[in-house]
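Working notes, beginning with the structure itself.
The values are calculated or read from the model by the stated rules, or taken from the named source; none is laboratory data. None of the values given here were measured: they were computed from a predicted structure. Cβ placement follows ideal geometry from the backbone for every residue including glycine, while neighbour counts extend to all protein chains displayed.
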Amino acid sequence: MLGPWYRQRVIGYTARLLLTLLLFYCLYLVVTRAVGHWYYRQGTVAELERAIAWNPREARYYAALARGRQAALLEADSQEILELYEHAAARAPRRAEFWIQLGSAYEWAGRPAQARQAYERALHRAPNSPQVNWQVGNFYLRAGDLDAAFAALQRAAVQDQQLRRAVFALAWRAADPERIRAQLLPRQTDVLLDYLDFLAATDRADEAEAIWALLTGQRAAFAPKRVFPYLDLLLRTRRTEALRTTWQWLYPVPDPAEELITNGSFEQDAWNAGLDWHIDSAEGARAATETGTARHGQRALVIRFEGRQNVHFTHVFQHVPVMAETQYRFTAWVRSEAVTTDRGPQLEIFDPDAPQPLRWTTPAMTGTHPWTELSLELRTGAQTRIVVVRVTRLPSHRIDNRIAGTFWLDAVSLRRLP
């Protein structure tokens, strides 16, 4: 019989042997993987074959080799390429990317049924991946299954904001706007707002109005600036009634109902969009609203000319929807201090769409003047829908043409006459 001491030595030797073998096996794995990865990084077909020989368990080596074979179209063996993609998917069955690649390969080889199975395996493995849903949705579109395509593309749009514009553009190539609205778009505010931006950028005003109705109908909450592109679309396409009602929804100000100028006393910060003031500076002239020198309320618009430029200034303006062939009265309070040259700032109102000039102006203001009320009466043309109210300083033609000084504007009003 073997004594306890001998049995312990046998067990110890056996354990050391197994540990040594395990260490050698681990070293073997490390070496084969390292060498395989080195060959994989070289990227050529021959090196990828060597990578597989060193590490046949790595799925991405088969997929890379398949892509390399596919690139050599004249030498490509479709069956070999499919087998390589199949090997990749078999070695990493839980990774959706290899099923996507296999589905694409089956499509390339003209096997739509197998392609669909592979794409659906990818979707099963990663149902919440925006990239997988994007790829699968594209496949369904190519296969003519619009219902399945829109379901996948909707998930992609919900999950990844960066994909939304591509999803919307693809959908417009595949279906009519009513079907997009019914099937593709979730009733999710951020998606609808991004779709509204897409429609504004592509000048699809009819559908943009429909999406705006959806947003307001479900009482969605969002910052007004999110729909500035939509306002610009309505303005650009002269949809004045939609523009007016949208503006009233976004900007419920306490001005009298008959007042057409928004924020005429500059008490609120200008939005620089829609029907509010657009206030920008120019080289040689700085425009802003300031407190302390207002004619009404607390704030007024101030333009400071720096005296270094013969400034052509048109950088403060507002669009105002009006009625055709209608009489209006315009008033504003202005003030100036040490405004130089023969051409000072003035106020003008004009129809930007009139085939013949339709324009009304106040006298240019130079020198120093206290607060003074200016007024104009105007009658719009037969086709007038929008007028622009603007502060303008035209360039001087004299030698001493560099304008300096300060100009104030406050209490601007435009109202329809009885």
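Descriptive notes on the structure:
- Considering the conditions (1) over 17 Å from residue 323 (Cβ atoms); (2) in a loop (DSSP other than H, G, I, E, B), residue 261 is excluded by exactly one of them, (1).
- Which numbered condition residue 80 fails, given (1) within 30 Å of the chain's Cα centre (by Cα); (2) modelled with pLDDT under 90: (1)
- Residue under evaluation residue 151, criteria (1) crowded, with 19+ Cβ neighbours inside 10 Å; (2) among the aliphatic types (A, V, I, L, M); (3) at pLDDT 95 or above, criterion not met: (1)
- Among the residues of segment 81-105, those identified as among the acidic types (Asp, Glu) and more than 19 Å from residue 129 (Cβ to Cβ) are 83, 86.
- When residue 315 is tested against (1) surrounded by fewer than 17 Cβ atoms within 10 Å (Cβ to Cβ); (2) within 33 Å of the chain's Cα centre (by Cα), exactly one condition is not met: (1).
- The set of residues in segment 362-371 being loosely packed, with under 14 Cβ neighbours inside 10 Å and either touching an Asp or Glu at 6+ places or on another chain (Cβ under 7 Å) or in a strand (DSSP E or B) (or both) consists of 367, 368, 370.
- Hits in segment 395-408 (condition: under 37 Å from the mean Cα position of the chain (by Cα) and surrounded by fewer than 17 Cβ atoms within 10 Å (Cβ to Cβ)): none
- Any chance residue 118 is over 21 Å from residue 165 (Cα atoms), of a type in the set (A, V, I, L, M) and surrounded by fewer than 20 Cβ atoms within 10 Å (Cβ to Cβ): no
- Between 354, 411, 338, 324, the distinction of being surrounded by fewer than 17 Cβ atoms within 10 Å (Cβ to Cβ) and under 23 Å from residue 286 (Cα atoms) belongs to 338 only.
- Of all positions in segment 369-383, none carries a residue that is free of Cβ contacts under 8 Å to residues at least 40 places away in the same chain, touching a Phe, Trp or Tyr at 6+ places or on another chain (Cβ under 8 Å) and of a type in the set (Phe, Trp, Tyr).
- Near pairs, Cβ below 7 angstrom, 6+ apart or cross-chain, from segment 260-282 (hydrophobic (A, V, I, L, M, F, W, C)) to any residue that is surrounded by fewer than 17 Cβ atoms within 10 Å (Cβ to Cβ) and assigned to a loop (DSSP other than H, G, I, E, B): 279/272
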